[in-house]
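No value in this document is a laboratory result; all are computed from the given coordinates. What you are looking at is a predicted structure, and each value in this text was computed from that prediction instead of being measured. Glycine also receives a Cβ, built like all others from the backbone with ideal geometry; neighbour counts cover every protein chain displayed.
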Amino acid sequence: RKENILISACLLGLYCRYDGKEIKLDGIESLMENYNLIPVCPEILGGLGTPRKPAERIGIKVINSLGEDVTAFFEKGAEETLKLAKLYKCRYAILKEKSPSCGYGAIYDGTFSGNLIKANGLTADLLAKSGIIVIGETQVSRLKNNLQYN
Ligand code: SF4
C-alpha cells in the first residue's frame, strides 16, 4: 500500500490559486507511482473562492491587497488541512512555496512588493508544529531520495 502524502492542490494543476491560473509541478506522474497524493487547498478549505485578492502574512495576521483582514479564513484553512493530514496519516506534505498558507521557510513580507522574509505560511506552520515534515515543491527530490513507504 502506498503512503499518503498531502500536497497543495494547485501543484496538481487545480485552478485554486488566487489568480485562477494553472500551475503544475513537473514529475507529478512519477510521484504518483510511489505515493498516494492527497490534494488540499487551505484557502479554499478556509472558505475563500477563486479567483480572490492576493494576500500576504503580516505577523500573526493575513491581509489582502484591499487591506482586508482575512486571517480567519487562513486559520480555518490551516485547521481543516491538519484534520485531513491526521485523517490520512500523512507524515509529509508537499506545499507550494512562498504562499501565505503553504509557504515554508520563506514567504512574502506583507508589502506586496515581492520581497521575501524568513517565515512560514499559516498552514505550513501548523503542520510543521504538529510534526508533519513540510517539503517545498522545489525540494521534492528529497522525497525520492529519503522516503520509505509501505
Ligand atoms: Fe496552492 Fe496553497 Fe494557495 Fe491553495 S492555498 S492555491 S494549495 S498555494
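Debye calculation, C-alpha points only, no solvent: report log10 I(q)/I(0) for the stretch 14-69 at q = 0.14, 0.17, 0.18, 0.26 Å⁻¹, in the same order as the q values. The Debye formula, applied to the Cα set alone, gives -0.52, -0.70, -0.75, -1.08.
Each DSSP beta bridge with both residues in the chain is either parallel or antiparallel, and the antiparallel ones are about 35%. Computed extension length for Asp26-Asp69: 12.1 nm, one decimal, from 0.36 nm per residue of separation with the Cα-Cα distance subtracted.
Distance between the pseudo-spin-label points of Leu14 and Arg1 (7 Å out from Cα toward the beta carbon): 2.3 nm. Per-peptide packing, taken as the mean over residues of other Cβ atoms within 10 Å, places 43-55, 116-128, 65-77, 27-39 in the sequence 116-128, 43-55, 65-77, 27-39 from highest down. Remark: the stretch 3-146 carries a charge dipole of roughly 260 debye about the Cα centre, counting +1 on each Lys and Arg Cβ and -1 on each Asp and Glu Cβ.
Counting other C-beta atoms within 10 Å, which of Lys61, Lys96 has the fewest, and how do the rest follow? Kindly include the intermediate steps, with their values, before the conclusion.
Numbers: Lys61 16, Lys96 22.
In increasing order of surrounding Cβ atoms, one gets Lys61, Lys96.
Counting only residues at least eight positions apart within a chain, or on another chain, the aspartates and glutamates with an alpha carbon under 13 Å from that of Lys89 are Glu3. The ranking of Tyr18, Tyr104, Tyr88 by Cβ neighbour count inside 10 Å, starting from the fewest, reads Tyr88, Tyr18, Tyr104.
So what's the back-of-envelope 222 nm ellipticity for the chain, counting only DSSP H runs of four-plus at -39500 (n - 2.57) apiece and dividing by all residues, rounded to 500? Can you show the working numbers first?
Working: 5 runs with 42 residues, N = 150.
Per the formula, -7500 deg cm²/dmol.
Listed as lacking a disulfide-compatible partner in the chain: Cys10, Cys90, Cys102, by the criterion of no other cysteine Cβ under 4.7 Å. Only one residue of Leu48, Ile133, Ile117 has its Cα farthest out toward the positive end of the dipole of the chain, where Lys and Arg carry +1 and Asp and Glu -1 on Cβ, and that residue is Ile133. Treating each Cα of the stretch 3-146 as one equal point scatterer and applying the Debye formula with no solvent, the log10 of I(q)/I(0) at q = 0.12, 0.13 Å⁻¹ comes out as -0.43, -0.51. For a straight C-alpha distance cut-off of 17 angstrom, the lysines reachable from Lys96 (same-chain residues fewer than eight places away being disregarded) are Lys21, Lys24, Lys118.
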